[in-house]
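A.B. asks: The structure is given below, and queries will be raised subsequently.
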Amino acid sequence: MRKVWKILLLIILILVALLGIFWGYLTYGLQETQNLILNAVDLSAIGDGTYHGKYVKGRFTCEVEVVVKDHAIVDVKLISFSRISVPTLYEELMARVKNTNALPVDTVSGATASSKAFLKAVENALKQ
């Protein structure tokens, strides 16, 4: 009976350790990404072309290509993103950036960190 309790305790400890590691992965970079300051970009100073940008902080990783023509953002392509994020979030943000032709735009409610990671990647692309 003692052996059963030891095995059960070992299993519980392993599960707690795995949950701790998973929680650490989910929250690593969260605070920093939520507190990111997004800066305006002067599109009049940016020439035509395709610009590549990236933001990396834990699971809040986003890589984009931004196409600029006649000092306007005509397309934003999502190259890579965290698999935990919802792809429709990025579709909404891409539409906001293209429609307003400006940065920053409002983040998506309930997905502030993922939104800011995406927008920072766009900003980084345009600030090269």
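A.B. asks: Do we find a residue being farther than 29 Å from Trp23 by Cα and modelled with pLDDT of 90 or more anywhere in region 110-119? Break it down into steps so the answer makes sense when it comes.
C.D. replies: As a first pass, look at region 110-119 and keep what is farther than 29 Å from Trp23 by Cα: none.
Scanning region 110-119 turns up no residue that is farther than 29 Å from Trp23 by Cα and modelled with pLDDT of 90 or more.
A.B. asks: What strands (runs of 3 or more DSSP E) lie completely within region 47-127 and have 2 or more residues being of a type in the set (Ser, Thr, Tyr)? I'd like the intermediate steps shown before the answer.
C.D. replies: Numbers: elements: 49-55, 62-69, 72-81.
Correct list: 49-55.
A.B. asks: Pull out all pairs, ordered by first then second residue, where Cβ-Cβ is under 6 Å, the residues are six or more apart or on different chains, the first lies in region 15-43 and is within 30 Å of His71 (Cα to Cα), and the second is surrounded by fewer than 14 Cβ atoms within 10 Å (Cβ to Cβ) and of a type outside the set (S, T, N, Q).
C.D. replies: These pairs meet every condition: Leu43/His71.
A.B. asks: Considering each of Thr107, Thr112, Thr88 in turn, give the residue that is within 15 Å of the chain's Cα centre (by Cα), farther than 21 Å from Ile37 by Cα and not small (Gly, Ala, Ser).
C.D. replies: Working: Thr107 fails: farther than 21 Å from Ile37 by Cα; Thr112 fails: farther than 21 Å from Ile37 by Cα.
Among Thr107, Thr112, Thr88, only Thr88 is within 15 Å of the chain's Cα centre (by Cα), farther than 21 Å from Ile37 by Cα and not small (Gly, Ala, Ser).
So that you can scan it fast, the table gives a plain yes or no per residue for (1) in contact with a Ser or Thr (Cβ under 9 Å, 6 or more places away or on another chain); (2) within 25 Å of Gly47 (Cα to Cα); (3) surrounded by fewer than 16 Cβ atoms within 10 Å (Cβ to Cβ):
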{"site": "Val76", "(1), (2), (3)": "no, yes, no"}
{"site": "Leu89", "(1), (2), (3)": "yes, no, no"}
{"site": "Ala95", "(1), (2), (3)": "no, yes, yes"}
{"site": "Asn101", "(1), (2), (3)": "no, yes, yes"}
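A.B. asks: Related question: Exactly one of these conditions fails for Gly58: (1) modelled with pLDDT of 85 or more; (2) within 12 Å of the chain's Cα centre (by Cα); (3) not basic (Lys, Arg). Give me its number.
C.D. replies: (1)
A.B. asks: I'd like to verify a number: residues in region 87-121 that are in contact (Cβ under 8 Å) with a residue 60 or more places away in the chain and farther than 19 Å from Gly58 by Cβ, how many?
C.D. replies: Of the residues in that region, 3 qualify.
A.B. asks: In the set Asp48, Asp70, which member is modelled with pLDDT of 90 or more, of a type outside the set (Gly, Ala, Ser) and at positive phi?
C.D. replies: Numbers: Asp48 fails: at positive phi.
After ruling out the rest, the residue left standing is Asp70.
A.B. asks: Filter region 42-54 for residues that are in contact with a Leu (Cβ under 8 Å, 6 or more places away or on another chain) and closer than 17 Å to Lys77 by Cβ and give the result.
C.D. replies: Looking only at region 42-54, we keep the residues that are in contact with a Leu (Cβ under 8 Å, 6 or more places away or on another chain), and these are 43, 46, 51, 53.
Hits for region 42-54 are Ile46, Tyr51, Gly53.
A.B. asks: Give the number of residues within region 5-41 that are in a loop (DSSP other than H, G, I, E, B) and surrounded by 10 or more Cβ atoms within 10 Å (Cβ to Cβ).
C.D. replies: The initial filter retains those residues of region 5-41 that are in a loop (DSSP other than H, G, I, E, B), namely 28-29, 35-41.
With the extra rule that they be surrounded by 10 or more Cβ atoms within 10 Å (Cβ to Cβ), the set shrinks to 28-29, 35-36, 38-39, 41.
So the count comes out to 7.
The values are calculated or read from the model by the stated rules, or taken from the named source; none is laboratory data. Please read these numbers as outputs of a predicted model, since none were measured by experiment. Positions of Cβ are backbone-derived with ideal geometry, glycine not excepted, and every protein chain shown enters the neighbour counts.
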